[in-house]
Amino acid sequence: FPANTYTTPLTITNRANETQQITLNLTTLSDLEEDFILNTSILTTNSSFVLNPYTSETINLSFSIPTNTTPAIYAGILNISSNTSGIYHLPITITKLVTLDTTFSATVDKMRSTCANTVCGDKIYYAFNLTNTNVSINVSWTNSTNNLNFYLYNTSGSELTSSTLSDSSEFVSYAPGYSLVWFLVQTINLITDGSDLLYTININIGNDTSIL
């Protein structure tokens with residue numbers, strides 16, 4: 001989601017021999033941890049219309065994302081209902097890109113962090129567009145007994161770099177090579193107090209190695 005507003009067409013076809021009253025309803029979208037939400041007001045569209053037999057209607061779905069939205073992958077359901085043929089559930093996923101020179105916080109979920117290997121453990125993905133400059137990324141949290149790892153990937157899924165220290169922060173510096181980069185924060189170990197872990201991500205243009 002490189003901009004704050006995005007519009008995409010949706011075509012609905014009535015294949016029945018009867019008139020259909022179509023209604024669209026968007027659920028609240030949230031990130032995987034349910035720390036952040038996007039409410040239903042982000043969608044502007046023709047939410048109710050009539051389809052005659054064997055006809056189609058193309059409508060625009062316009063999503064407007066508030067500028068202060070926390071970077072995350074948000075998911076929800078667009079329910080498309082008919083007065084005669086039930087409800088269709090269309091998954092909606094919105095990725096709010098991380099902006100450069102920014103700081104934000106999120107959590108890893110204790111419930112999804114029960115083992116220390118590359119297969120399991122909570123995994124949070126973010127995406128950002130690179131400019132023609134180096135970028136440095138620092139992930140920090142409290143208590144070095146907690147351990148998070150940090151990986152950068154290109155859009156093909158190939159690892160570009162990583163930081164896997166046993167400390168209370170991870171740091172990488174990356175030179176331009178891809179316009180879009182994904183980075184992953186993964187749980188390796190959490191102290192056994194049953195609580196989620198708050199972490200902070202700081203992204204800087206250039207090779208700023210300051211620790212939060």
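The values are calculated or read from the model by the stated rules, or taken from the named source; none is laboratory data. Fair warning: this is a prediction, and the values are worked out from it, not measured in the lab. We place every Cβ from the backbone using ideal geometry, glycine too, and count neighbours over all the protein chains shown. Just the protein is used for accessible areas: all its heavy atoms, side chains included, with ligands, DNA and RNA removed. Shrake-Rupley method; radii C 1.70, N 1.55, O 1.52, S 1.80 Å.
Some notes on this structure:
- Unique match (being assigned to a loop (DSSP other than H, G, I, E, B) and either over 25 Å from Val181 (Cβ atoms) or open to solvent by less than 30 Å² (accessible area, probe 1.4 Å) (or both)) among Glu33, Glu57: Glu33
- Residue satisfying all of: in region 1-41; within 14 Å of the chain's Cα centre (by Cα) and of a type in the set (Phe, Trp, Tyr); nearest to Glu57 (Cα to Cα) among these: Phe1
- Scanning region 75-100 for residues that are in a strand (DSSP E or B) and small (Gly, Ala, Ser) gives Ala75, Gly76, Ser81, Ser82, Gly86.
- Filtering Asn25, Asn46 for residues that are touching a residue at least 40 places away in the same chain (Cβ under 8 Å), open to solvent by 50 Å² or more (accessible area, probe 1.4 Å) and of a type outside the set (Gly, Ala, Ser) leaves a single hit, Asn25.
- Selection count where residues are within 30 Å of Val181 (Cβ to Cβ) and either of a type in the set (A, V, I, L, M) or in contact with a Pro (Cβ under 8 Å, 6 or more places away or on another chain) (or both), scope region 1-30: 5
- Single residue of Leu184, Leu148 found to be at pLDDT 80 or above, in a strand (DSSP E or B), open to solvent by less than 10 Å² (accessible area, probe 1.4 Å) and over 19 Å from Val98 (Cα atoms): Leu148
- Hits in region 187-212 - residues which are in contact with a Phe, Trp or Tyr (Cβ under 8 Å, 6 or more places away or on another chain), at pLDDT 75 or above and open to solvent by 50 Å² or more (accessible area, probe 1.4 Å): Leu198
- Of all residues making up region 163-181, the number that are crowded, with 17+ Cβ neighbours inside 10 Å and free of Cβ contacts under 8 Å to residues at least 40 places away in the same chain: 4
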